[in-house]
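Below is one structure, written out as structure tokens, with a few remarks after it.
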Amino acid sequence: AAMVAVAERLEGQLTATLQMDAADKEAVAGLIPTLERKAGRILANGWPTGVEVCHAMVHGGPFPATSDPRSTSVGTLAIRRFLRPVCYQDLPAELLPEALRDGNPLGLWRRVDGELGRS
């Protein structure tokens, strides 16, 4: 529970690393859902590459520098490479994430019917 509480406070990261052994599997199982929301890659008993999501970290260009020349492979624009949009069609409002509900209960900037606003 303490590890989940700490992980919930972390900002998004490219990777999350778990140093664990067989006895930790139950604790890790409870942590995985939070890490899935926070990181694009989850490692067990390994070491990630030395990159950070920051404006100063840029790596792009034609292959082999990146597999997608439309964006950088690291840095703040890297999220575009790992983004997985989800479409919700005809779901009742109470089943939608709060950010998508009518009335915008979170007060987020969003585009509705082509109009950008907080309504």
_Count of the stretch 32-43 residues which are exposed (fewer than 12 other Cβ atoms within 10 Å of the Cβ) and of a type outside the set (D, E, K, R)_ = 1
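For the structure I just gave you, tell me whether Val51 is of a type in the set (Val, Ile, Thr), open to solvent by 90 Å² or more (accessible area, probe 1.4 Å), at pLDDT below 90 and farther than 25 Å from Val86 by Cα. Break it down stepwise before answering.
Working: of a type in the set (Val, Ile, Thr): yes; open to solvent by 90 Å² or more (accessible area, probe 1.4 Å): no; at pLDDT below 90: yes; farther than 25 Å from Val86 by Cα: yes.
Spelling it out, it is not the case that Val51 is of a type in the set (Val, Ile, Thr), open to solvent by 90 Å² or more (accessible area, probe 1.4 Å), at pLDDT below 90 and farther than 25 Å from Val86 by Cα.
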*Which condition number in (1) modelled with pLDDT of 90 or more; (2) farther than 30 Å from Ser119 by Cβ; (3) among the basic types (Lys, Arg) is the one that Arg101 fails?*
(2)
*Residue by residue through the stretch 21-31, note down the ones that are within 18 Å of Trp47 (Cα to Cα) and either open to solvent by less than 50 Å² (accessible area, probe 1.4 Å) or in contact (Cβ under 8 Å) with a residue 60 or more places away in the chain (or both).*
Val28
*Subset of the stretch 6-30 (residues that are touching a Ser or Thr at 6+ places or on another chain (Cβ under 9 Å) and in a helix (DSSP H, G or I))*: Ala7, Glu8
*Filtering the stretch 80-93 down to residues that are modelled with pLDDT of 70 or more and open to solvent by less than 90 Å² (accessible area, probe 1.4 Å), which residue is nearest to Cys54 (Cα to Cα)?*
Val86
*May I ask you to say which residue of Leu96, Leu77 is at pLDDT 70 or above and open to solvent by less than 90 Å² (accessible area, probe 1.4 Å)?*
Leu96
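The values are calculated or read from the model by the stated rules, or taken from the named source; none is laboratory data. Since the structure is predicted, the reported quantities are computational estimates derived from the model, not experimental observations. Note that each Cβ is placed from the backbone with ideal geometry, even for glycine, and that neighbours are counted across all protein chains shown. Just so you know, the surface numbers come from the protein's heavy atoms only, side chains and all, with ligands and any DNA or RNA stripped out. Shrake-Rupley method; radii C 1.70, N 1.55, O 1.52, S 1.80 Å.
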